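First comes the structure, then the notes that go with it.
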Amino acid sequence: MLFFLRLPAKLKFLIALLVVLLVSLLIIPTLSNLRQSVVSVTPLPNQQNVDPLTKIVFTFKKPLTPEELRVQFNPPIEFQTELLDNNTRAIITPKYTLTQNQNYIIILLRPLRFESSFTIKSLPIQNQIGQDYNYSREFNTLNEADIEIKTLWEAIIKMRGQLPFSTSTFSISYVIATDTYNVRFLGPNKDTSQKDFLDWLASFNLKPNQVQVNYLN
């Protein structure tokens with residue numbers, strides 16, 4: 001210690017600086033390994049043409065608690081989260097079909113502090129209803145019943161493209177898991193709300209008995 005004190009000031013400064021650098025080299029990597037971070041995310045950041053039924057999957061460096069997983073979407077959507085693989089993987093499932101051509105920003109709030117985005121693709125009619133109706137035949141070979149089904153599904157898909165939708169008198173959203181449409185009447189006059197909803201449905205040439213409506217009121 002006395003030897004160090006007797007050294008010239010410049011030399012003492014250099015030695016102190018060297019000690020600080022050595023300590024930093026030892027401590028910083030250790031702190032980095034302790035810090036939580038996102039290893040991967042799907043859809044990939046800025047990915048285009050994402051399926052409207054997509055799930056968002058995050059993989060983390062180490063396990064995290066449900067309290068640490070704080071998720072925010074812009075524009076806002078309803079979703080549910082699930083932690084898997086010893087809490088190192090999070091699956092975020094939107095409750096409704098995502099809007100075509102819409103860019104979504106997903107944000108992981110503190111302590112994770114991560115942001116990503118993706119854009120939903122625009123699907124041609126035949127792809128959107130492929131699981132419900134076979135479009136392998138040419139239009140001119142369809143019989144009257146086929147044409148009626150085709151017309152109905154085109155109307156439904158057109159309506160789904162507007163969801164979730166709300167006005168001052170009603171709101172409607174689509175639940176993928178149950179293939180139902182949740183409708184909530186807003187405002188003081190239920191009759192007015194119901195009429196506005198039916199008029200909106202009729203604008204797509206649809207009737208309530210053609211879709212599975214779940215009235216939340």
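In this rough spin-label picture, where each label sits 7 Å from Cα along the Cβ direction, the Leu109-Thr192 distance is 3.5 nm. Converting phi to 3J(HN,Hα) with the Karplus coefficients 6.51, -1.76 and 1.60 and the offset θ = phi - 60°, the stretch 52-59 yields x, 9, 5, 10, 9, 10, 10, 10 Hz in sequence order, with x at every glycine or proline. Here r is the Cβ-Cβ distance between Thr178 and Lys158 and R0 is 22 Å; the resulting FRET efficiency, rounded to 0.05, is 0.60.
Over all orientations, the stretch 40-120 has a Cα convex hull whose mean projected area works out to 4.7 square nanometres. Remark: the stretch 40-120 carries a charge dipole of roughly 200 debye about the Cα centre, counting +1 on each Lys and Arg Cβ and -1 on each Asp and Glu Cβ.
Specify the inter-centroid distance of the stretch 48-66 and the stretch 156-217, based on alpha-carbon positions, in whole Å. If we compute the Cα centre of each part, the gap is 30 Å. For Tyr215, the residues whose modelled amide H falls within less than 5 Å of its own, excluding neighbours fewer than 5 places apart on the same chain, are Val183. Legend: calculated FRET efficiency, Gln210 to Ser122, from the Cβ-Cβ distance at R0 = 30 Å, rounded to 0.05, equals 0.80. Spin-label pair Phe73-Ile91: with each label point 7 Å from Cα along the Cα-Cβ axis, the two points sit 1.7 nm from one another.
All of the numbers you see were taken from the coordinates with simple rules; none came from a lab. Only a predicted model underlies this, so the values are computations on that prediction, with no experimental measurement involved. Virtual Cβ from ideal backbone geometry, glycine too; neighbours counted across all protein chains shown.
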